[in-house]
Each structure stands twice: as structure tokens, then as C-alpha cells.
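For reference, the structure is listed below as C-alpha cells.
The values are calculated or read from the model by the stated rules, or taken from the named source; none is laboratory data. All values derive from a computational prediction rather than experimental measurement. A quick note on method: Cβ atoms are made from the backbone with ideal geometry, for glycine too, and the neighbour counts reach across all protein chains shown. Surface accessibility is based on the protein's heavy atoms, side chains included, excluding ligands, DNA and RNA. Shrake-Rupley method; radii C 1.70, N 1.55, O 1.52, S 1.80 Å.
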Amino acid sequence: MLPFTRDQFLANLVSYNEGIWPVQVAAFALGLLAMALLFWRPRMADRLITGILAIMWLWTGVAYHWFHFTQINRAALIFGVLFVAQGAILAYVGLVRNQLRFGLSFGPAAIVGIGFVAYAAVLYPLLGIWTGHAYPEMPVFGVTPCPVTIFTFGFFLLAKPPVSRWVLAIPFIWSLIGGGAAFLLGVPQDWLLLVSGVVAVPLVVACRSNLNVKA
């Protein structure tokens, strides 16, 4: 059982979306930039992509979980800690250590990764509208937990191995928490979240294992 109703959840989303406007536009622009950097490869491309992902996690942890979702669910205090921690981990691994490198390639992991990225940025909002959750009564790309997590998993699948296991843990935990809640709340566009963690983590680990075998 959830400590809030579906109506309370949707009303909280409306309050959040109206309160942060037009940040959603900036978040979508950053998402497009991250995708463009997979094709256009300036020297700082990998750090820029990682920075964009880190910003999305930090913003969602603070603005969504701590400032809004806590109004209907006190557990959001803990969720916010997880999201802020993930933002910090991404910043350390990808910006400080420069250990996250991205690029388009062939193979099952890359194909699934492209699918996750496209779903989070394009299909996710369209599915929300189709199922009756039009803006502002919908989770929005880049500023809410579920699309941020799916988008991030997509880029992890497009990262060149090895990918640090540290960056996988919190997104996987949230895929289970948020994915399970999506079924209880009847938010079908979030159902892929549960699948994303179960699919992405083994694929990323398999790519790392294959690299070790070749080495």
C-alpha cells in the first residue's frame, strides 16, 4: 500500500510542474544536447553528457523529492538523498575521473540503449497523453524520477565498457521502487522503468565481463 492516493499523486505533479515552469523546457533542451553529443563529438562530449545526467539527478532529488513529493510521502526525504547521491557519483566518476565515455555502436546493449533514450525523451510523454495523463498532470522528461532513470540507463548502455558498478546501484534501486509504484498508481508510461533496470544492469555487466575476457 502507498501512503498517498492516485489523485494526491497527480495533484502533486500538477503543483510541481506549474511551480517549476519553464524548467521543463530547459531539461528537454539538455536532453536533446546529450543525444546530439553522441553524434557530434567535441573534446568535452563525454563530460558534457555526464554533467547533463548529473544535473537531472540532482534537480530531481532536490526540487521534486525534497520540495514537492515530501508533501504526500515522507519517504521522499530518503529518495531525495538517493538522487542527490547519484548526481554526486556521476559527477565524480564522469567529470572528476573521466571514466564515462559514450558513443554509438552496434550490439544488443546499444540497441536497447537507443530505445531507452528515445522512449524517455519522445515516447514517454506521448504515451502519457494517450493514456489520459496530459500536461501538467504527468511526469515530465528530465525533471521527474522515472524518465530520468530510463534516460540514464539508456546512456549507460551506450557507454564504452567498463562502466563503474557504482553508477548502476541507485538507478537499479529506483527502477524497482518507482516501477512497482507505477503499477499501483496506474501510470503506464512508467511501467518500462521496472523493465529498464532488470534489462540494463545485466547488459552493462555483461559488456564489462566480455571486456575482461578479451583482456
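In the context of the full set of protein chains, residues of segment 11-127 present 48 Å² of accessible surface per residue (probe radius 1.4 Å, heavy atoms only). Electrostatic bookkeeping for S15 treats Lys and Arg as +1 and Asp and Glu as -1; over the other residues with beta carbon under 13 Å from its beta carbon, the sum is -3. Within the chain, which DSSP H helices have Cα atoms that stretch 27 Å or more along the helix axis and a mean Kyte-Doolittle hydropathy of at least -0.5? Sorted by number, the helices that extend far enough and score high enough are 166-185, 191-214. Given in Å, the Rg to one decimal and the Dmax to the nearest whole number for the Cα atoms of segment 36-149 are 15.6, 44. Taken along its principal axes, the alpha carbon cloud of the chain reaches lengths of 53, 32, 32 Å, longest axis first.
Scoring 59-66, 18-25, 127-134 by mean Cβ neighbours within 10 Å over their residues and listing the highest first yields 59-66, 127-134, 18-25. Please build a GNM for the chain, connecting alpha carbons under 10 Å apart, and tell me which residue among A54, A120, A85 fluctuates the most. Evaluated over the chain, the most mobile residue of the options is A85.
Of all the accessible heavy-atom surface of the chain, with the other protein chains kept in place and a 1.4 Å probe, what percent is carbon and sulfur?
Solvent-exposed carbon and sulfur of the chain make up 73 percent of the total.
Between I78 and A169, full extension at 0.36 nm per residue minus the direct alpha carbon distance yields a gain of 31.2 nm. What does the C-alpha gyration tensor say about the overall shape of segment 57-121? Classify as rounded when a/c is under 1.5, otherwise prolate if a/b is larger than b/c, or oblate. The shape class here is oblate. Heavy-atom accessible area for R97, with the other protein chains in place and a 1.4 Å probe, reaches approximately 120 Å².
Neighbours of Y124 by Cβ distance under 15 Å: Lys/Arg scored +1, Asp/Glu scored -1, total -2.
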